Each structure stands twice: as C-alpha cells, then as structure tokens.
1. Restricting to DSSP loop positions (anything but H, G, I, E, B) with no more than 14 other Cβ atoms inside 10 Å of their own Cβ, which trypsin sites (Lys or Arg not before Pro) remain in the stretch 68-136?
2. Students often check this: by mean Cβ neighbours within 10 Å, which of 76-87, 121-132 ranks highest, and how do the rest follow?
3. Which residue, PHE41, PHE63, PHE100, tops the fluctuation ranking in a GNM of the chain built on C-alpha contacts under 10 Å?
4. At 1.4 Å probe radius, can you tell me the per residue accessible area of the stretch 25-136 in Å²?
5. Above 18 angstrom, tally the Cα pairs of the stretch 73-127 and express them as a % of all pairs, no decimals.
6. Considering amide H positions built from the backbone, and no H for Pro or chain starts, which residues 5 or more places from VAL15, or on another chain, come under 5 Å of its amide H?
7. Express the C-alpha Rg of the stretch 11-67 as a ratio against the empirical globular expectation 2.2 N^0.38 Å, rounded to two decimals.
8. When the accessible area of the chain is computed with all protein chains present and a 1.4 Å probe, what percentage of it is carbon and sulfur?
Amino acid sequence: MKLPEIPHGTNVLGVGIDQIEVSRIRDSLEKHGDHFLNKIFSSEEQSYCMEKADPAPFLAARFAAKEATAKALGTGFGPHFGWLDSEVSNGRAGEPILLFNQKAQSLIQSKEANKALISLTHLEGIASAIVILIRE
C-alpha cells in the first residue's frame, strides 16, 4: 500500500494524532514516579501538571501530544526525535503551544515546516492530541 503524498503547494506538511488511556499514565506514574516523569516530560510540563488536583489527565494529554508530534514528523521515536525534544506549554490565553529544542527545530526545518499547530483534549479516561506541521 502506498501512502498518500502531501499535495505540492500546500502549507500542511505533516499531521499526527494520538489517543491514550489516562489509566496507563496514572499506572506509570504510580509504578515509576520521577523516573517516568523525567524520561517523558520537561520540568515545566511536570510543574504544570503536578499542580493539578489530578495530574494524570494533563500528563496523558502531553504524552499524546509527543506521540502525535512524532507521527507528524514521520520519524516516530528514536535517534531523530525523542520524548524531551518537544514540550507542551501554554500561550497567553492558556492555549497549548508546542516548543522544540534545537534538534527538533532542525528536524522540522528539514521537513520545510516552520510552525506546529496543536490541540489537546481529555476526559476522565481518555486523552487525545493532534499536531499539524505547516509552512507559513
């Protein structure tokens, strides 16, 4: 099966989506604590989420965002893109924004993108994220 190509001239250069059960993140947090947090989430992401009465849904949404980013980049996780190469932060109005370290910025630029759009959502049991890489 041949994957569809992104049409020439479009400004959308990659799309990724992910969904995760909040219970999986809660279990990892309970079993592995700081080791899990430090492997997957930046200190800023940890601070934001751990301030919440129930951090698991917020961590799960950020976990899904990292997965969706890896899919949008077309790399998955490995030598080109890792868990800590992206970070979900918040804009002035509280909207989620994606930040990238230098390694990830170089990868995004190699895909000819210069911006990543993100949306997060979570319910009690499921968290989801979508990432769209665009060229402005």
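1. Values: sites: LYS71, ARG92, LYS103, LYS111, LYS115, ARG135; in loops: ARG92, LYS111, ARG135.
For trypsin sites (Lys or Arg not before Pro) across the stretch 68-136 that sit outside H, G, I, E and B with at most 14 neighbouring Cβ atoms in 10 Å, the list reads ARG92, ARG135.
2. Working: 76-87: 15.9, 121-132: 17.8.
In descending order of packing, they fall as 121-132, 76-87.
3. So, out of PHE41, PHE63, PHE100, the one fluctuating most is PHE100.
4. Numbers: 5980 Å² over 112 residues.
Ligands and nucleic acids excluded, the result is 53 Å² per residue.
5. Numbers: 601 of 1485 pairs.
Everything past 18 Å amounts to 40 percent.
6. LEU133
7. Values: Rg = 12.2 Å, N = 57, 2.2 N^0.38 = 10.2 Å.
Cα Rg divided by the expected 2.2 N^0.38 Å: 1.19.
8. Values: 4230 of 8030 Å².
Answer for the chain is 53 percent, counting heavy atoms of protein chains only.
The values are calculated or read from the model by the stated rules, or taken from the named source; none is laboratory data. These numbers were taken from a predicted model, which means no experiment stands behind them. Cβ sites come from the backbone with ideal geometry, for glycine too, and all protein chains shown count toward neighbours. To get the accessible areas, we keep the full protein, side chains included, count just its heavy atoms, and leave off ligands, DNA and RNA. Shrake-Rupley method; radii C 1.70, N 1.55, O 1.52, S 1.80 Å.
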